[in-house]
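Colleague: After the structure tokens below, expect a handful of questions from me.
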Amino acid sequence: MGERRKLIAGNWKMNGLHADGVALAAGIAEKLKAAGVVSFDLLICPPATLIWPVSAVVKGCGVAVGGQDCHPKTSGAHTGDISPSMLVDAGCSYVIVGHSERRQDHKEPDALIAAKAAAAHAAGLTAIICVGETLAQREAGQAGAVVASQLSGSIPAGSTAANTVVAYEPVWAIGTGRNATPADVAEIHAAIRADLIKRIPGGSCVRILYGGSVKQSNAGDLMAVPDVDGALVGGASLKVDDFWGIAASCC
Ligand code: PEP
């Protein structure tokens, strides 16, 4: 991978029943079809129940599908979990790991996230590895150190620019309407880039997404920051026009 194409990824979280998900996916596919050639990649990550129908709706139209989490094992006695190969079987090419809601609500440590990412790679998925500091950590001046430590613990051996995306999502900006300023984002993304260059062969080609209350009104400024290679979008990915507006702001 030479040039880093922007990746606009929608994380639907635990939202949507069958009819909603299919309509949302179809609406996004329609927009892409109508636009023709675009300069960005689109990814949608529906809840697990909707991966099959959503994959069927977007098949062949250039919208990728991802899971929101995976288990590090391929199969076995893990009630309620989904393996990377199951995600591939259902039509996924990406999976999010280490989202702050998993780190916080499920107490997921870095080592588990690294194991999930490694399992995702082994199954042929691209892992979107999420990192980001809490408000208390930022206010204590620890944002850079927290992110560096998460990168060190969460990126497994065998990561490459082709199988890994990093998402910087300050926890205090997720779902709050609060944004990191472009200057804050620039500082952390530059530090992530420097880390990736040391850590991963081809680290200069790994895409680094920003996430946290990205919407159409702020996407242009955020996407223009150096080393911001796209967005991980929660709330604004649930409406076709909002999600498409963010993607279109990359052009
Ligand atoms: C997210 O959950 O990854 C996210 C960025 O959410 P929101 O866009 O709603 O802040």
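Colleague: Using the basic label-point model (7 angstrom from Cα toward the beta carbon), what is the ALA194 to ASP241 distance in nanometres?
Modeller: With each label point 7 Å from Cα toward Cβ, the separation is 4.3 nm.
Colleague: Determine which residues of the range 1-26 fall in the zone a paramagnetic label at ALA35 would reach in this model, i.e. backbone nitrogen under 17 Å from the point 7 Å along Cα→Cβ.
Modeller: 4-11, 24-26
Colleague: Provide the FRET efficiency to the nearest 0.05 for the HIS78-THR49 pair, computing r from the beta carbons and using R0 = 22 Å.
Modeller: Values: r = 18 Å, r/R0 = 0.80.
The value I calculate is 0.80.
Colleague: Moving to a separate point now. Residues with amide H under 5 Å of LEU7's amide H, sequence separation 5 or more or different chain, H placed in the peptide plane at 1.01 Å from N; which?
Modeller: For LEU7, whose amide H was placed from the backbone, the distant partners under 5 Å are ASP41, GLY230, ALA231.
Colleague: Tell me which residues come under 5 Å, amide H to amide H, from GLY67 once H is placed; ignore anything under 5 positions away on its chain.
Modeller: Result for GLY67 returns TYR94, VAL95, ILE96.
Colleague: Say the dipole of the range 6-248 comes from +1 at the beta carbon of Lys and Arg and -1 at that of Asp and Glu; which of GLY62, ALA173, HIS189 then lies farthest toward its positive end?
Modeller: Value computed over the given set: GLY62.
Colleague: From the phi angles alone, apply the Karplus equation (6.51, -1.76, 1.60; θ = phi - 60°) to the range 175-183 and give each ³J(HN,Hα) in whole Hz, x where the residue is Gly or Pro.
Modeller: Once rounded to whole Hz, the list reads x, 9, x, 8, 10, 5, 6, x, 5.
Colleague: Please identify which residues in the range 36-52 have an amide N closer than 19 Å to a label point set 7 Å out from the Cα of GLU3, following the Cα→Cβ vector.
Modeller: Answer for the range 36-52: 36-43.
Colleague: May I ask for the Rg/Rh ratio of the range 6-248, computed from Cα atoms with Rh as the Kirkwood radius, given to two decimals? Working shown, then result.
Modeller: Working: Rg = 16.6 Å, Rh = 17.7 Å.
Result: Rg/Rh = 0.94.
Colleague: While we're on this one: Under the classification rounded if a/c is under 1.5, otherwise prolate if a/b is larger than b/c and oblate if not, where does the range 1-85 fall, given a ≥ b ≥ c as square roots of the Cα gyration tensor eigenvalues? Mind dumping the intermediate values first?
Modeller: On the way: a/c = 2.57, a/b = 1.47, b/c = 1.75.
Since a/c reaches 1.5 but b/c is at least a/b, the shape of the range 1-85 is classed as oblate.
Colleague: Report the residues of the range 136-157 in range of a label on THR181: point 7 Å along Cα→C-beta, backbone N strictly under 17 Å from it.
Modeller: Inside the label zone: 138-144.
Colleague: ALA136 versus ALA56, label points 7 Å from Cα toward the beta carbon: distance in nm?
Modeller: Spacing of the two 7 Å Cα→Cβ label points: 4.7 nm.
Colleague: For the range 62-181, just say rounded, prolate or oblate: build the C-alpha gyration tensor, square-root its eigenvalues into a ≥ b ≥ c, call rounded for a/c under 1.5, and beyond that prolate if a/b exceeds b/c, oblate if not. Write out the running numbers ahead of the final one.
Modeller: On the way: a/c = 1.82, a/b = 1.76, b/c = 1.04.
Prolate, since a/c reaches 1.5 and a/b exceeds b/c.
Colleague: Dipole size in debye (nearest 20) for the chain around its Cα centre, Lys and Arg Cβ +1, Asp and Glu Cβ -1?
Modeller: Details: 20 positive and 22 negative charges, 68 e Å.
Approximately 320 debye in magnitude.
Colleague: Per DSSP helix of 4 or more residues, -39500 (n - 2.57); summed, then divided by the residues of the chain. What does that give at 222 nm, rounded to the nearest 500?
Modeller: On the way: 10 runs with 105 residues, N = 251.
Mean residue ellipticity at 222 nm (helix-derived): -12500 deg cm²/dmol.
Colleague: Treating the Cα atoms of the range 15-62 as identical point scatterers in vacuum, please give the log10 of the normalised Debye intensity I(q)/I(0) at q = 0.27, 0.33 Å⁻¹, two decimals.
Modeller: -1.01, -1.33
Colleague: Would you kindly derive the ³J(HN,Hα) couplings of the range 78-84 from the backbone phi angles with the Karplus curve 6.51 cos²θ - 1.76 cosθ + 1.60 (θ = phi - 60°), listing them in order in whole Hz, with x for Gly and Pro?
Modeller: Working through the residues one at a time gives 9, 4, x, 9, 10, 8, x Hz.
Colleague: Given contacts defined as C-alpha pairs under 8 Å and at least six residues apart, what's the relative contact order of the chain, whole-number percent?
Modeller: Numbers: 520 pairs, mean separation 51.5, N = 251.
About 20 percent, as a whole number.
Colleague: Taking K and R as +1 and D and E as -1, what net charge do the other residues with C-beta under 15 Å from the C-beta of ALA23 add up to?
Modeller: Numbers: positive: LYS31, LYS239; negative: ASP20, GLU30, ASP241, ASP242.
Residues near ALA23 contribute -2 overall.
Colleague: Straight-line reach from LYS6: which lysines have a Cα under 19 Å away, not including same-chain ones fewer than 8 places off?
Modeller: The reachable lysines, counting only those whose Cα sits under 19 Å from LYS6, are LYS31, LYS33, LYS215.
Bear in mind that the values in this text are calculations on the coordinates, not laboratory data. Please read these numbers as outputs of a predicted model, since none were measured by experiment. All Cβ positions, glycine included, derive from the backbone under ideal geometry; neighbour counts span all protein chains shown.
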